[in-house]
Amino acid sequence: SGLCKSAAKLDGKVVIITGANTGIGKETARDLARRGARVIVACRDVAKGEAAASEIRAETGNQQVIVKKLDLANTKSIREFAENFLAEEKELHILINNAGVMLYPYSKTADGFEMHLGVNHLGHFLLTFLLLERLRQSAPARIVNVSSLAHHGGRIRFHDLHGDKSYNRGLAYCHSKLANVLFTRELARRLQGTKVTANSLHPGSVRSELVRHSSVMTWLWKVFSFFLKTPSEGAQTSVYCAVAEELDSVTGQYFSDCQPAYVSPRGRDDETAKKLWHVSCELLGIQWD
């Protein structure tokens, strides 16, 4: 269920989608390319990205599908991506923070962050910070953060953000998805009046590579595949948040199946959102006021 019914065209619009070389991200890129957008496929695996972009260009006839390297587990890579983008592109109308890791065995990013928190939250937090001025200049603009229903199981464990004291990879994923919701909430509050909106979403349970780090989940996904969304179906709410005309001035909301959805009490905690914002800035060594 949940189809984006908007026929909005995106000719002349510039879009960045992280993790658009596979799964939901790839299908989101396909849809927005079909609408005429210039789509930047930002991904770690450039070879996979080029294969996906080539397929999308051939199918849609849109030659403006460009692949750029972005490793969200490395702040140096994030800064290089942003610097190159800002030098090459004069506008940015839609930023879709889609990439993510799930059920990753305990490990750290290049900067020493727990992998789920580092990639799913901090990487996108830094990327958005670096691109925000271009989004402001291009307004009206939209920021779309792909979260998950799993945010209901999350907590922001400020005393052990990187899982050094205790670690459960399922819960680590939930914590990072809650961070996505809280980041969106605080970002939207700070962007009031700028014509840049920020919304988050749950794409649904989708047949994708996201569960590849768990053999049990991979098996379950195969057994119950009939009940899962296809990547194209999973991309619908991302597309909806990016293009739907009725969302022009809607911000700080959470969607599922192309409609507003229930947010957990922890996901509505403004004090936690503000604290997470400040802690994230400290960890990344940035000032974002």
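The values are calculated or read from the model by the stated rules, or taken from the named source; none is laboratory data. Owing to the predicted nature of the structure, the values given are computational and were not obtained by experimental measurement. Neighbour counts run over all protein chains shown; Cβ positions are idealised from the backbone, glycine included. Ligands, DNA and RNA are excluded from the accessible area calculation, which covers all protein heavy atoms including side chains. Shrake-Rupley method; radii C 1.70, N 1.55, O 1.52, S 1.80 Å.
Highest mean first, how do 141-147, 90-96 rank when packing is the count of other Cβ atoms within 10 Å averaged over residues?
Details: 141-147: 26.7, 90-96: 21.3.
Output ranking for 141-147, 90-96: 141-147, 90-96.
Would you mind telling me which residue in ALA33, ALA47, ALA273 has the biggest mean-square fluctuation in a Gaussian network model of the chain, where springs connect alpha carbons within a distance under 10 angstrom?
ALA47
Using θ = phi - 60° and the Karplus form 6.51 cos²θ - 1.76 cosθ + 1.60, what ³J(HN,Hα) does each residue of the range 268-278 get, whole Hz, x for Gly and Pro?
Computed from phi, the couplings for the range 268-278 are 10, 7, 5, 5, 5, 4, 5, 5, 4, 4, 5 Hz.
Pick from SER148, SER107, SER238: which is most flexible by mean-square fluctuation in a GNM of the chain where alpha carbon atoms under 10 Å apart are linked?
Answer for the Gaussian network model of the chain: SER107.
Find the relative contact order for the range 1-136 and round it to a whole percent, using C-alpha pairs within less than 8 Å whose residues are 6+ positions apart. Numbers along the way, then the final one.
Numbers: 235 pairs, mean separation 32.2, N = 136.
Over the range 1-136, the number comes to 24 percent.
Once a ≥ b ≥ c are taken as the square roots of the eigenvalues of the Cα gyration tensor of the range 1-121, is the result rounded (a/c under 1.5), prolate (a/b larger than b/c) or oblate (a/b not larger than b/c)? Mind showing how you got there, number by number?
On the way: a/c = 1.97, a/b = 1.54, b/c = 1.29.
It is prolate, given that a/c is not under 1.5 and a/b is the larger ratio.
Order the peptides 37-44, 150-157 from the highest to the lowest mean number of other Cβ atoms within 10 Å of their residues.
Sorting 37-44, 150-157 by mean packing, highest first, produces 37-44, 150-157.
Between HIS159 and LEU86, with labels modelled 7 Å along Cα→Cβ, what's the label distance in nm to one decimal, could you check?
Taking the two extended label points, one gets 3.9 nm.
For ILE66, which sequence-distant residues (separation of 5 or more, or a different chain) have an amide H within less than 5 Å of its own amide H, given hydrogens modelled in the peptide plane?
VAL39, ILE40, VAL41
Leaving out ligands, DNA and RNA, what percent of the accessible area of the chain is carbon and sulfur, probe 1.4 Å?
50 percent
Suppose every K and R has +1 on its Cβ and every D and E has -1 on its Cβ; what is the size of the dipole of the chain about the Cα centre, in Debye to the nearest 20? List each step's numbers first, then the result.
Working: 37 positive and 30 negative charges, 60 e Å.
Dipole about the Cα centre, nearest 20: 280 debye.
Once the Cα atoms of the chain are picked out, what are the Rg and Dmax in Å?
17.4, 51
Gaussian network model of the chain, Cα springs within a sub-10 Å range: biggest mean-square fluctuation belongs to which of PHE158, PHE113, PHE183?
Among PHE158, PHE113, PHE183, the largest GNM mean-square fluctuation belongs to PHE158.
Local charge sum around GLY285 (other residues, Cβ-Cβ under 14 Å, Lys/Arg +1, Asp/Glu -1)?
With Lys, Arg at +1 and Asp, Glu at -1, the neighbours total 0.
Among LEU187, TYR254, HIS124, whose Cα sits farthest toward the positive end of the charge dipole of the chain (+1 at Cβ of Lys/Arg, -1 at Cβ of Asp/Glu, about the Cα centre)?
TYR254
Per residue, how large is the accessible surface of the chain? Use a 1.4 angstrom probe and give square angstrom.
In whole numbers, the chain has 44 Å² accessible per residue.
Students often get this wrong, so check it: of LYS5/LYS69; LYS13/LYS108; LYS90/LYS275; LYS5/LYS195; LYS76/LYS108, which have C-alpha atoms separated by over 26 Å?
Violating the 26 Å limit, Cα to Cα: LYS5/LYS69; LYS13/LYS108; LYS90/LYS275.
State, as an integer percentage, the relative contact order of the chain based on alpha-carbon contacts under 8 Å between residues 6 or more apart.
On the way: 587 pairs, mean separation 59.2, N = 289.
Relative contact order here is 20 percent.
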